[in-house]
Amino acid sequence: MRRIVLIIGCATLLIFGGMFYQYQQQQKQVTQLHAYQNVIYEKAEQIFVQAQDWSKPIQIDLKDNRLDGDYQIMASFVLSHMVQSAEARNSYLRELKALNWDQFLDPQRLAADKKQDYADTEAMLVQVRAMVELYQEHLEQHEAMALEQIENLEINHNLRRHLAESLLESRHNDQGHALFELEKKNLGKAYVLFAI
């Protein structure tokens, strides 16, 4: 009889010990998830602030002491992706500025170009269209490469799947992509205006 009580006691202790361990692991995951979200939010804000100045490259530390393991790998990947996207956007904007795209409708520029039968304006439109197409191609390649990199990250399968879904969802909700679509429409309108 004592053996049965001892066996039941040990089994109960093992079950409750396992449940307590599982509970602690879940709490650790929740804590790491909150830390991950805070790190991403804080550093994304830093990236946004630094990206406002096109002349300087973005400098941000991808590591954070609050994270470890899978969450550190995910944060490094996400932040690196954000920096690369912001740098690509800034480079694209610098190129447009170098082409004087912001001066397209300047009356003085147009009056001076009229003397040359609008050769500069035509060249500008061609160069800007090429730049827009190149940037569009870069965006598509960058997204495809990011999805491929996610598949190769050494993290939990569920976190990997969640990260890929988040990347695709963020693309659809990204204001930068919406702004780029407007810029492409503006380029089309510029062609129409020039034709008139």
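The values are calculated or read from the model by the stated rules, or taken from the named source; none is laboratory data. Note that the structure is predicted; figures quoted are calculated from it, not measured. Note that each Cβ is placed from the backbone with ideal geometry, even for glycine, and that neighbours are counted across all protein chains shown. In case anyone asks, the SASA skips ligands and DNA or RNA and just uses the protein heavy atoms, side chains included. Shrake-Rupley method; radii C 1.70, N 1.55, O 1.52, S 1.80 Å.
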Where nothing but the Cβ of Lys and Arg (+1) and of Asp and Glu (-1) is charged, how large is the charge dipole of the stretch 1-118 around its Cα centre, in debye to the nearest 20? 560 debye
Would you work out what percent of the accessible area of the chain, with all protein chains in place, is carbon or sulfur (probe 1.4 Å)? 58 percent
Rounded tilt (10° steps) of 157-173 against the dominant C-alpha axis of the chain: 30 degrees
For Y191 and A44, calculate 0.36 nm times their separation in residues minus their Cα-Cα distance, and state this gained length in nm to one decimal. 49.3 nm
Counting only DSSP loop positions in the stretch 91-196, the GluC sites (Glu not before Pro) whose Cβ has at most 10 other Cβ atoms within 10 Å are E154
Farthest towards the positive end of the dipole of the chain, among Y92, Y41, H177 and with Cβ unit charges of +1 on Lys and Arg and -1 on Asp and Glu, lies the Cα of Y41
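What is the Rg over Rh value, at two decimals, for the chain, using alpha-carbon atoms and the Kirkwood definition of Rh?
Working: Rg = 26.6 Å, Rh = 21.0 Å.
Ratio value, two decimals: 1.27.
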Residue farthest toward the positive end of the dipole of the chain, with Cβ of Lys/Arg at +1 and Asp/Glu at -1: which of H81, N152, Q27? Q27
Computed ³J(HN,Hα) along the stretch 102-112: with the Karplus parameters 6.51/-1.76/1.60, θ = phi - 60°, integer Hz and x for glycine or proline, the list is 5, 9, 3, 9, 5, x, 5, 5, 5, 5, 5
For every helix of n ≥ 4 consecutive DSSP H residues, a contribution of -39,500 (n - 2.57) applies; sum these over the chain, divide by its total residues, and give [θ] at 222 nm rounded to the nearest 500 deg cm²/dmol. -29000 deg cm²/dmol
Can you tell which of Q127, Q46, Q27 shows the greatest fluctuation in a Gaussian network model of the chain with Cα springs below 10 Å? Q27
Can you give the accessible area per residue of the chain, in Å², using a 1.4 Å probe? 70 Å²
Would you mind working out the magnitude of the charge dipole of the stretch 38-196 relative to its Cα centre, with +1 at each Lys and Arg C-beta and -1 at each Asp and Glu C-beta, to the nearest 20 Debye? 480 debye
Helix 119-152 against the longest principal axis of the chain: what's the angle in degrees, Cα atoms only, rounded to the nearest 10? 10 degrees
Go through the stretch 1-91 and name the trypsin sites (Lys or Arg not before Pro) that are in a DSSP coil and have 13 or fewer other Cβ atoms within 10 Å of their Cβ. K63
Could you give me the ³J(HN,Hα) list for the stretch 7-19, computed from phi with Karplus coefficients 6.51, -1.76, 1.60 and θ = phi - 60°, whole Hz, x at Gly and Pro? 5, 5, x, 5, 4, 4, 5, 5, 5, 5, x, x, 5
